[in-house]
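Report on one structure; see the data block that follows.
Bear in mind that the values in this text are calculations on the coordinates, not laboratory data. Remember, it's a predicted structure, so these values are computed and weren't measured experimentally. Every residue, glycine among them, receives a Cβ derived from its backbone with ideal geometry; neighbour counts consider all protein chains shown.
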Amino acid sequence: MISGGIINSRQLTTFWHRRISEAIFIVAISLVGLFAWGYFSGITPYNSNLVVPLLPAALAGTTAIITALLYFVTPVNRKSAAAAVSYILLIITLCALLYTTRGLESAFLALFVTSLPFGIFFGLAAAAASFIAIVALLLWEYFVINVYPSQLVALSVITFVPFLAGLLVWSKPAGSKNTETKEERSYKELANELSQVAGKAEVVINAITDGVLALDGQGTVQLINPAAQKLIGWGKHDAINLAYKSVLKLIDAKNSEVGDYEDPVSQVLTSNKSSKTDLLSIQTQSGKSFMASISVSPIGQLGNGVIVVFRDVTAEKSDERQRSEFISTASHEMRTPVASIEGYLGLALNPATAQIDLKARDFITKAHESAQHLGRLFQDLLDVSKADDGRLQNTPTVIDVVPFIHEIVQGLTPKAHEKGLRILYRPMPEGVVDENRRMNPVYYINADRDHLREVSNNLIENAIKYTPKGDVIVDVTGDTGHVVLSVTDTGIGIPREDQAHLFQKFYRVDNSDTRQIGGTGLGLYLCRRLVETMSGRIWVESEYKKGSTFSVELTRLDHDEATRLIEQASVLAEQRATEETAEAQRDAEAKQASQQAMMANATATFTPPPTPTPVAPQQIIIAPTPQPMGGTRAPMPRPTGPMASVINSVSRPQLTNTPLSSIEANPSRYIAERPAPGSTTIPPRQQ
Ligand code: ADP
């Protein structure tokens, strides 16, 4: 019995579908060729056995076209059905060919007979087509052509025997499914699944607009998708099997090829840890380059290879630069007048420089606080734009962390006390008998002092800001390779869902606890960037409504290395000082020599004019003077006239960029100032 249980169509792989389609296409196109040969040479089927008549030639052409189409467009899971369709078309063509070329006597009988058994290979429908074709041929020969019974028997044998042979070879006995071992079944299922997944993956990779390269463990290119080919200008066949460095040329900001140390691909090939960068450019095959975002991920274990995904970010970077330049310029321009406003308001509030009534003090205090907030915002924006466009300088020096942080904690202690908070520096607890007191090792790091100060300040200020009551505890701990600064508070805490976003630009937790507390959302972002430039890491642990701990981990310097670096720095500083002194001396000598030469020259040529009567150096007042009534003050008019620029540039303290703390600490400096001895003297008025 032939049934679906016995003749099961095979799930063809892409490879086998292609080979079978090619065979059918070649047979069909050969028949069309034989027709064309007869047509153009004038030979008819009656003159030659090999000429194909029009009807089978047309069917052969149709078979060839449909087979070619199915070759390219068949989806992965329809390969068997497509092969069966091509086969059935071929059998129909061959039937027509036998019909039009004298059946039993046809030269194409052998071709027909050899094609019959394959129907069983393609499943029930194709096997049925073969069977029907055989029966139709026998009936036609017997009833229409009237062959002898002996001839009919011979024909039955030569058609049915190959068909039955095919049945024996390719069909499975009933229940064969059950006799298949579990391993065989799962192997087949896996192979089938893999071939489907491979087909889908190929479609996806080809559709991705990012460039994708797959490299083996040695860094040889195994796959390059169309987007990568377009981006770097390498064709698929040229790039495959080449070392990735010939195909993906990575260059740094100075336009030189990156070494293995900065090359993310090489790093991932050796370390098996994924890496991402958007600081490098890629040079195309024609020598042009574009800024790229490159991400490299390992495939499984070390040595299996890596996947490189990259895209052109030139336009994004240029937008980012323009945005950052705008923010930088705007905040710089706006910070200056705000600092000036803040300074004058500070002077107005200072009893040493101004007398104002209580109501005015209240207004001015509010204005002063807002100006301070605005000033901080501009400063944060400036710092962030510097960090974003890579203008952050990193000047590492050896820092002894415990006393360094102690100084910062001391600076912020008044602020904490003002809010009624206790602030505790664990390594050096002051005035507190701390049962956890311990002996601290010396923790040295090699990092930028300003960056570390800014980060510590930000974290401790935040702890004070977001803690309504309780403690702020600062600690420095470490092991042989690391130093960890931690700032713990008993404040409002941070909800779990916000913690992952805290270090993003402008991110602020928005809830009833934070709404009343001002801020920019830039402080922690800046901390992250600064810590990154110091090659460290920063993280937070927090419980909502209970408190938070922010930690910064930096690489620890061992004692000998720190001592060596400190000595090296002091030798360098000494050398620099000696060089500067020598240079200053050389300048002074050169100046003196030129003055003497000028004097000699002048004495020889001119009669000196009469010496003008010297006047006392002018006193310049730039701060408000007390008003006799109402306690209000008007700013002192700036000097005008021909000498204004000299006066303003020489003698006036730079109030606009002066930190408020220094104005308040020394207000008298901003009331009256004489030009410093030796500075530019204001020339006497011409009579
Ligand atoms: P800002 O404080 O100016 O808003 P930051 O970047 O310093 O900006 O902080 C981002 C957000 O993180 C803050 O708005 C606040 O919600 C939260 N946050 C920071 N530090 C703490 C802390 N110690 N306790 C609770 N929340 C904090």
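Observations on the model:
- Of the chymotrypsin sites (Phe, Trp or Tyr not before Pro) in region 198-281, the ones in a loop by DSSP (not H, G, I, E or B) with at most 11 other beta carbons within 10 Å are TYR261.
- Three-way shape label, region 361-417, alpha-carbon gyration tensor, a/c 1.5: oblate
- The ranking of LYS249, LYS419 by Cβ neighbour count inside 10 Å, starting from the fewest, reads LYS419, LYS249.
- With neighbour counts taken as other beta-carbon atoms within 10 Å, the residues LYS465, LYS254 rank, fewest first, as LYS254, LYS465.
- Three-way shape label, region 456-535, alpha-carbon gyration tensor, a/c 1.5: oblate
- Among SER106, SER318, SER456, the ranking by other beta carbons within 10 Å of each residue's beta carbon, starting with the fewest, stands as SER318, SER106, SER456.
- Rounded, prolate or oblate (a/c below 1.5 giving rounded, otherwise prolate when a/b exceeds b/c) for region 410-563 by Cα gyration tensor: oblate
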